[in-house]
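The values are calculated or read from the model by the stated rules, or taken from the named source; none is laboratory data. All values derive from a computational prediction rather than experimental measurement. Methodologically, a virtual Cβ is constructed for each residue, glycine included, from the backbone with ideal geometry; neighbour enumeration extends over all protein chains shown. These accessible areas exclude ligands, DNA and RNA; they are computed on the full protein's heavy atoms, side chains included. Shrake-Rupley method; radii C 1.70, N 1.55, O 1.52, S 1.80 Å.
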Amino acid sequence: MNAADRNFEAAAAAFAASVIGGALPPVVEALIAQAGALRDRPGEALPLLERARVLAPQHPAPVIAVYRFHFYGHALVQARAAGEDALAIARTALGPDFGDVPPEEEAVRGDAAVRFYLFTLKGLAYLNLRLRALDEARLMLGELRRLDPQDHLGGGLLSHVLAGHDAGEPILPAEGPGGYPARGWAPIRKAV
């Protein structure tokens, strides 16, 4: 293994640890906690989260906190922007060759950095569906399908919703959410 490979392996391991909260500077952790305590005062909480992002720009925890802040505040456009930032951070951590070939099934099931990337992709697909940015949602779901063909992360459900919408069906079938499979990708519809 050459030095570049060792450096990449070390960076990937550090990112994986950070996905589960490791290596977060105490001041950043304190800012996120303080913002959480102020959730009923969003005007005071958001600047704390933004400061946390400045102090740890490549750590996923602050961007996740900003994403959640906006998502649960129903500011979906801002949540999508934070999700795009999270995707870029994960992409950088995984390296320029990630995705050239789908990751091994074991990585999809257990590698924190790979799972973070894929879950972020799924979250962005969901947000794009909610925002009626259907072409973007379709793009995200196509990439998720390519990288997780066994649908371990459940992106297939979103694909079924989009396929149904494309076919003119209501967002939820008449029998409710149970009409969708728990796992599995919708058939790819050919343009006629």
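Per-residue answers, yes or no, for (1) surrounded by fewer than 23 Cβ atoms within 10 Å (Cβ to Cβ); (2) under 11 Å from the mean Cα position of the chain (by Cα):
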position: Glu44; (1), (2): yes, no
position: Arg53; (1), (2): yes, no
position: Gln58; (1), (2): yes, no
position: Ala90; (1), (2): no, yes
position: Phe119; (1), (2): yes, yes
position: Asn128; (1), (2): no, no
position: Ala133; (1), (2): yes, no
position: Glu143; (1), (2): yes, no
Seminar exercise, completed: Residue set Ala75, Ala163, Ala112; condition closer than 28 Å to Gln58 by Cβ, at pLDDT below 90 and open to solvent by less than 40 Å² (accessible area, probe 1.4 Å); output residue Ala112
Exercise. Assuming Leu124 fulfils every condition listed in (1) within 17 Å of Gly184 (Cα to Cα); (2) open to solvent by less than 70 Å² (accessible area, probe 1.4 Å) apart from one, which condition is it?
Worked result: (1)
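Out of all the residues in region 51-104, which are part of a helix (DSSP H, G or I) and touching a Lys or Arg at 6+ places or on another chain (Cβ under 7 Å)? Reasoning before the result, please.
First pass over region 51-104, keeping only residues part of a helix (DSSP H, G or I): 51-55, 60-72, 76-94.
Answer for region 51-104, where residues must be part of a helix (DSSP H, G or I) and touching a Lys or Arg at 6+ places or on another chain (Cβ under 7 Å): Pro62, Val63, Val66, Leu76.
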